[in-house]
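The values are calculated or read from the model by the stated rules, or taken from the named source; none is laboratory data. Quick caveat, the model's predicted, so the values are computed rather than measured. Please note: Cβ atoms are built from the backbone with ideal geometry, for glycine as well, and neighbour counts cover all protein chains shown. Note: accessible area is taken over every heavy atom of the protein model, side chains too, but ligands, DNA and RNA are not part of it. Shrake-Rupley method; radii C 1.70, N 1.55, O 1.52, S 1.80 Å.
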Amino acid sequence: MKIKLMKKLCLLGVIVCMCFVNVGCINTSSNNYDVDFFVEKFEMLDTFNQIASDFQKQTGYKVKVESPSNPATIINDRVRNDIAPDIFQVYPGQTAYNIFLNEGKLKDITDLSALNKIDKTALNMYGVKDKSGKEHYYTIPFSFSAEAFYYNATLFHKYGYDKPELYGKTEKDVDKNGDYLPKTWDDMKRLAVKVLADKKIGVNNLSLFNLSGSDPYLIHGLHEALWQQVLEGTANTNKYFLNSPKGQVGKYELTVNGKKLSTMESNGYDSAFNKVSDILTFVANNSQNNYGTAKAADAITSLVKEQGLIFPAGTFSLPLIRQANPKDSIRTMAFPGTTANNQTIISTADLSLSVSKNPKNMKAVTAFLAYLTKSSVYQKYYNVDGNKTTVKGIQTAGKTPELQGITNLFMDSKHHVPWIHQYWKQGETQIQTLTIDFLKTKSKSNLYNSLNQYFDVEKQMSNEN
């Protein structure tokens, strides 16, 4: 009987452990570490482990680095259940960060010496002012990422896709390299016609876009940017979605370019909805045949193996692109404009670290953050990651030629827009899903209904508060 009982207890223990793993909890029964460090950037795990190892050799403090699959869900569970890691990454441009901040889950780190090594402008982007006007900081933005287009510059040049005459332009319109890249969606449509014509006569074997239907986080940035382009800004976009009647997204008396958007067009939708959905349909129609099931790695392979020209993604994808060892020159460009002057990127803090309200060993946490912000240490991270950094003293010249096309746009208010879902309580996951679903089905009615389902809940949540 005792043996059977022990077996049952052991089985129960296994089941309990499995349940904790499934909901994202970590077995912390082994406390053989001084700092629990949680990051979402799994592609940088090896670099962080090396930095943690060097830190331990110098200080004696042991840092446990975690970067599990499904990190956003796990960190949400742990922080909101008060079992947060000591230091953790959470994107300040995401809904979760605002929730953690409002719920008092983050430690005020205003007085940490590490902040002295961070660009003040970047810090103030996420500062919180008290009643006296003093800034308080709850996250350290080490770098900024952006959503934009990667493109194969070698193929653009090889096939003459960077020639101004293709776009009805002249030599006065070329960039400093003597090239002309698509600046508007009308430009992009001209390019699509040329790529398809060349493909039909055997000049190339290209798709214009490389998409990943299995990794929707790569494409919803374009979707969010389009709304803000078409509606001329973030404020108008929020009004369009949140101030319209229930079940009637867009039915709001909003004037853009002198036209009331509540005026329906021939298919029953307003002009903004039609423009955004038509551009997304164009992207889908000019993507590789298997885009619906392709993974991020497949899309990157298509880009570097000369099977496609353009890959919509974040700059966080640069390490993965480099790991694919492209023989061609891979560069970046902003999302084309819906007008001649509103090309955009979506940018926000990428590696941004917050501290738990109650860290296990604050002395060790302080020492590790001070170590990580040393230019000689963070340089190791930057050399692999390549995103725009805020850490003082980092050598950046010539390190990331792939990002030169958008580097000057990160802090340019005329050419970048925020992640607008940070203002929506439900966050980004459903926006990602409805975006990729539309790209697969191209059904305007499904997209419209999905947007209404999302924003009807959003309006209800706002009313309840």
Given H placed 1.01 Å from N in the peptide plane, which residues other than close sequence neighbours of residue 66 have an amide H under 5 Å from its amide H? 37, 38, 39
Between residue 357 and residue 45, what is the label-point separation in nm under the 7 Å Cα-to-beta-carbon projection? 3.0
Please compute the net charge surrounding residue 185, taking Lys and Arg as +1 and Asp and Glu as -1 over other residues with Cβ under 12 Å from its Cβ. +1
What would the Debye formula give as log10 I(q)/I(0) at q = 0.14 Å⁻¹ for the alpha-carbon point model of segment 75-189, no solvent? -0.72
Diffusion coefficient, µm² s⁻¹, Stokes-Einstein with Kirkwood Rh over alpha-carbon pairs of segment 391-465 at 25 °C and 0.890 mPa s: 155
Rg and Dmax of segment 287-443 over Cα atoms: what are they, in angstrom? 18.6, 55
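Among residues other than residue 445 whose Cβ falls under 15 Å from its Cβ, what is the net charge (Lys/Arg +1, Asp/Glu -1)? The partial results should precede the final answer.
Working: positive: 440, 442, 444; negative: 265, 270, 278, 437.
Overall, the nearby charge balance is -1.
Considering just Cα atoms, how many Å³ per residue does the convex hull of segment 180-333 enclose? Please report the intermediate quantities before stating the final value.
Working: hull volume 22.0 nm³, N = 154.
So the per-residue Cα hull volume is 143 Å³.
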Cross-link table 41/392; 189/425; 158/200; 189/442; 295/327; 327/442, entries beyond 24 Å C-alpha to C-alpha: 189/425; 327/442
Per the Cauchy relation, a quarter of the hull surface: what is the mean projected area of the convex hull of the alpha carbons in segment 190-229, in nm²? 3.8
In deg cm²/dmol, rounded to the nearest 500, the helical mean residue ellipticity at 222 nm of the chain, built from -39500 (n - 2.57) for every DSSP H run of length 4 or more, is -12500 deg cm²/dmol
Could you give the radius of gyration (one decimal) and Dmax (whole number) of the Cα atoms in the chain, in Å? 24.0, 89
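Assuming R0 = 22 Å, what is the FRET efficiency of residue 325 and residue 198, from their Cβ-Cβ distance, to the nearest 0.05?
Details: r = 26 Å, r/R0 = 1.19.
It comes to 0.25.
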Taking every eigenvalue of the Cα gyration tensor of segment 321-411, multiplying by 5 and rooting it, what semi-axes result, largest first, whole Å? 32, 18, 12
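On a full-extension model of 0.36 nm per residue, what is the gain between residue 77 and residue 214, subtracting their alpha-carbon distance, rounded to one decimal in nm? Present the calculation step by step, with values, prior to reporting the outcome.
Working: separation 137, 0.36 × 137 = 49.32 nm, distance 2.42 nm.
Between residue 77 and residue 214, full extension yields an extra 46.9 nm.
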Considering only C-alpha atoms, what is the centroid distance from segment 397-421 to segment 49-66, in Å? 32
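Where does segment 320-361 land on the Kirkwood hydrodynamic radius, alpha-carbon pairs, in angstrom?
15.0
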If you average the C-alpha positions of segment 79-107 and of segment 142-180 separately, how far apart do those two centres end up, in angstrom? 40
Whole-Hz couplings from phi, Karplus 6.51/-1.76/1.60, listed for segment 364-377; x for Gly and Pro: 5, 4, 4, 5, 5, 5, 5, 5, 5, 8, 5, 4, 5, 7
I need the phi-derived Karplus couplings for segment 445-451: 6.51 cos²θ - 1.76 cosθ + 1.60, θ = phi - 60°, integer Hz, Gly and Pro marked x. 5, 5, 5, 4, 5, 5, 5
Environment charge at residue 454 (Cβ cut-off 15 Å; Lys +1, Arg +1, Asp -1, Glu -1): -2
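Per residue, how large is the accessible surface of the chain? Use a 1.4 angstrom probe and give square angstrom.
Working: 21380 Å² over 465 residues.
Here the per-residue accessible area is 46 Å².
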Over the chain, with every protein chain in place, what whole percent of the accessible area is carbon and sulfur at 1.4 Å, could you tell me? 51
Could you name the aspartates and glutamates whose alpha carbon sits less than 13 Å from that of residue 360, not counting residues in the same chain fewer than 8 places away? 34, 36, 82, 86
